């Protein structure tokens, strides 16, 4: 369901992204196979701050994207797709205004 919150600090949730849930199922020969389910939500693209870039780099991540989504719509998904590019969530931050910041990186092989 789309967010009923009109805007965030004067910015509106006027972009969309797909939050990806990854589930694992076992096939007939007992191999685990990943199954992805996408759900479209409204978002805002934010810049990756210099401090975030530095801290993530120290932890071995390469931050590429920060998105802001409604916290009611985020359910700890570990991937998101924005403008046809898949990002892995390496960190999320629950803000006090009811939104969650998703920090994503592009991983090779995706």
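Every number in this text was worked out from the coordinates using simple rules, so none of it is lab data. From a predicted model like this one, the values you see are computed outputs, not experimental measurements. Reconstructed Cβ throughout: ideal geometry from the backbone, glycine too, with neighbour counts over all protein chains shown.
Annotations for the structure displayed:
- Filter pass, residue 57 being touching a residue at least 60 places away in the same chain (Cβ under 8 Å) and out of contact with any helix residue (DSSP H, G or I) (no Cβ under 9 Å at 6 or more places or on another chain): no
- Cβ-Cβ under 6 Å pairs, at least 6 apart or on other chains, the stretch 83-102 side on the phi > 0 side of the Ramachandran plot and without any contact (Cβ under 8 Å) to a residue 60 or more places away in the chain, far side surrounded by 17 or more Cβ atoms within 10 Å (Cβ to Cβ) and in a strand (DSSP E or B): none
- Under the condition of being surrounded by 18 or more Cβ atoms within 10 Å (Cβ to Cβ) and part of a helix (DSSP H, G or I), the residues counted in the stretch 31-70 number 2.
- The stretch 13-30, residues that are loosely packed, with under 13 Cβ neighbours inside 10 Å and assigned to a strand (DSSP E or B): 22, 23, 24, 25, 26
- Subset of the stretch 74-110 [over 11 Å from the mean Cα position of the chain (by Cα) and outside any strand (DSSP E or B)]: 83, 84, 95, 96, 97, 98, 106, 107, 108, 109, 110
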